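Remarks on the structure that follows.
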There are 2 protein chains.
Amino acid sequence: MKAIGRHIILEMWGCQNLDSVETAEQALRDMVAALDVNLLDLRVYPFSPVGVTGMAIVSESHLVIHTWPEHGYAAVDIFTCGAPRDPQAAVQVLRDLFQPERIGVMEINRGQLDLPEYEVEAPRPRGPSAACRTRAPAYSG
Amino acid sequence: MKAIGRHIILEMWGCQNLDSVETAEQALRDMVAALDVNLLDLRVYPFSPVGVTGMAIVSESHLVIHTWPEHGYAAVDIFTCGAPRDPQAAVQVLRDLFQPERIGVMEINRGQLDLPEYEVEAPRPRGPSAACRTRAPAYSG
């Protein structure tokens, strides 16, 4: 199935460390390393009274964590285009840092290219694809 | 159906203005206004040779746009928790600015709370919910 990007949607329940800016930042940095993607920007915002939002913009798309400690819940999105590794490799990072009791995972192909009017290469499993431009940042806003 | 957040996933094809930093920024700002959410941070990154990634962090979660002009394609995610308006209200903004020939929309409930061990209020359609904490930023990183 040819697609521009892969989007992994994680629902994590029964988690630890959900009100920690440090853990959210570590999770994003460790996922970036696990996926071998190119970090452009990383932001973490704590909320009042509890909760954290963390965002990593990478050349290959983005990673986001939102936490709701009052529910033991975290929502994580991993969207990659042309990443050298399987995006599900990031899941072990989340298991280690948040110790969820259970995880739901859904994967969506983004930019499905199996349409007659498109004649492009699908992303190769192990390397950047011709379908994904080199995401060299020309500018950081 | 009780859930912490609503996540709208848009697949837009046959779009215009996909290589414009200004259009991506305008789309994010107009969606923030359309949804009446609280903007914490907005970043737009142009890529070489073409394409843009734009990200708005809001108190109610996040908005992201990734564009691939070479395919006429944009991937947009709208994730809100406790937003006062229906997240699909943002779709008209995207139609106006990117003029897509076709749009695919999927909505996912994030943090589904219909589980026996959780006794919380579902987000109300027209106002912030008790299930969503007030996302007053305690800090901007």
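A few points about this structure:
- Counting Cβ atoms of other protein chains within 10 Å of each Cβ in A:6-12 and taking the mean gives 2.
- Peptide A:49-56 has a mean of 4 when you count, residue by residue, the C-beta atoms of other protein chains within 10 Å of its C-beta.
- Stretched out straight at 0.36 nm per residue, the stretch from B:ASP96 to B:ASP36 would grow longer than its current Cα-Cα span by 19.8 nm.
- FRET E, pair B:ARG85, B:VAL21, Förster distance 45 Å, beta-carbon r, rounded to 0.05: 0.95
- Net charge contributed by nearby residues that have their C-beta within less than 11 Å of B:MET55 (K/R +1, D/E -1): -2
- Summing Cβ point charges (Lys, Arg +1; Asp, Glu -1) relative to the Cα centre of the range B:1-73 gives a dipole of roughly 280 debye.
- Counting neighbouring beta carbons within 10 Å and listing from fewest to most, the residues A:VAL50, A:VAL91 come out as A:VAL50, A:VAL91.
- Nm distances between copies for B:ARG95, ranked from closest, using label points 7 Å along Cα→Cβ: 4.5
Readers should treat all values here as calculations from the given coordinates under stated rules, not as data from a laboratory. None of these values were measured; they are calculated from a predicted model. Because the Cβ atoms are built from the backbone with ideal geometry, glycine has one as well, and the counts that use them run over all protein chains shown.
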